[in-house]
Structure formats: structure tokens, C-alpha cells
Amino acid sequence: MIPKKAIYILIVSLSVALSLPAFSEEPIQIIQGPIDEVVEILNDPKYTGDETKAAQREAIWKTVEPMFNFEEISKRAVAHKWREFSDEEKQAFTDVFSQFLGNTYIDKIQGEYHNEKIVYLEQNFHSDAYAEVKTKLLRENIETPVDYRMIRKGGDPWRVYDIIVEGVSLVKNYRAQFATILKKESPAQLIERLNQKLTEQNQQLAGNG
């Protein structure tokens, strides 16, 4: 499993940012816009009560979901095993995995956001289709590197397909877990496992407000 510290840093890295110049359709700007909106939602007084948490979660998810290419994340998370998934299973896996990740992110954002700052250092283009945005997370006297790997397919905007925290890849962590499961179980069984986890998450979140 991903260490709690790593999950928290991944979440906070989506939470706040220092102001940047506007670069239309640039990778940094694609990330910057939703993050700024999330900060506004987190600081909005109308979401201070426990009874408003569900509405706040919905608003955050609606804002950050477009940042990610969840099909690419899903494909990379199961690696070569992706070929063994039927078209229907690929779609089902992508749907449930994206919701699972979304719940994980938003739960941490709501519970552990304390005005941390993100400094954007640079964006590097590895090709017309791949780029990386390098940042660092500032929390008290601690600086943590957090890098966003992004992909652009055809005429689509840049989208995040992996987040690297202190050299640790989100995708690779899940890949190790899924590889262990898929050695013994089918894609359908893995999807069922994730659906069960998602149901548990939703029940827990509903109980928290």
C-alpha cells in the first residue's frame, strides 16, 4: 500500500499554488486553473459545517477530475495486463479506479489541508506528447519535490497521468498492488475488489458528512 505520508503529499500537492503567469494550454496552466479553484472551495465559508462536506466534495471533484487522464492512469497501473482486459472491463476498471482515487484525494484534502504552498519550478517537454511539471511542496520548514507527468493525445489538452513524490510514483505503487492480485485473479475479480473498496469508501464518506 502507498504510505500515508506519500498519499497526503499527493493530495496536498493538488491543493494550493503560488500565482503564475498565464500560459494558455501549457501544462503548468492546465494544473494551475483547477488548483486555484480548489483553494477557493476549501476556503469558502459556506463549506465550514460538517453538513456541507458532501457538497464540498462534489465541487472539488468536479473541478479536479478534468485534470487527469484516468484511462492512461488505469492502463499504466496494470501495465501489460491491460491487454487481458476486454473493452468492457477496461471501461469498468477506469470508471471505478477513477472514483476510488477521487475519493482518496478529496478525503485527504478536506481532512488535512493547512494552507500548504506549492512553488512551480519549471515545465519540461520530453516530446510533443509528454511533459513534466516540477514543483515543490512547502510545509513549515520542509520542502518536498512533487512532479506531475502529463500527456497530450492528438488535439486534446494536457492531462496528468502520474504524480511523483520524492521520487515515488503513484502509478508504480498501484501497479505493484494490482500485479500481485492479477497473478491469481482475473480482471473481473480485480474490478470487483475495487467496487467493494469504493462502496466502503462511499459509506465512510457518507458517515463523515
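Points worth noting:
- Shape category assigned to segment 114-209 from the gyration tensor of Cα positions, a/c cut at 1.5: oblate
- Charge dipole magnitude, Cβ of K and R +1, D and E -1 - segment 22-85, Cα centre, debye nearest 20: 400
- Here's the picture: charge each Lys and Arg Cβ at +1 and each Asp and Glu Cβ at -1 in the chain, and of THR144, VAL64, ASN43 the one pushed furthest to the positive end of that dipole is THR144.
- Global form of segment 63-143, assessed from the alpha-carbon gyration tensor, a/c cut-off 1.5: oblate
- Expected 222 nm ellipticity per residue - DSSP helices of 4 or more, -39500 (n - 2.57), all of the chain, to 500: -17000 deg cm²/dmol
- Of the residues SER169, THR199, THR104, the one whose Cα sits farthest towards the positive end of the charge dipole of segment 4-208 is SER169 (charges of +1 on Lys and Arg Cβ, -1 on Asp and Glu Cβ, taken about the Cα centre).
- Checked against a 30 Å cut-off, the cross-linked pairs LYS108/LYS172; LYS46/LYS75; LYS136/LYS172 give Cα-Cα distances beyond that limit for LYS46/LYS75.
- Rounded to the nearest 5, the antiparallel percentage of DSSP beta bridges internal to the chain is 95%.
- Cα centroid separation - segment 49-79 against segment 143-172, whole Å: 15
- Computed from point charges on the beta carbon alone (+1 for Lys and Arg, -1 for Asp and Glu), the dipole magnitude for the chain about its Cα centre is near 720 Debye.
- Helix runs (DSSP H) in the chain reaching 20 Å along axis by Cα, Kyte-Doolittle at least -0.5: 27-43
- Debye log10 I(q)/I(0) at q = 0.11, 0.13 Å⁻¹ for the chain, Cα point scatterers: -0.53, -0.76
Coordinate-derived values only; no laboratory data. Because the structure is predicted, anything quoted here is derived from the model rather than measured. Cβ atoms come from the backbone with ideal geometry, glycine included; neighbour counts cover every protein chain shown.
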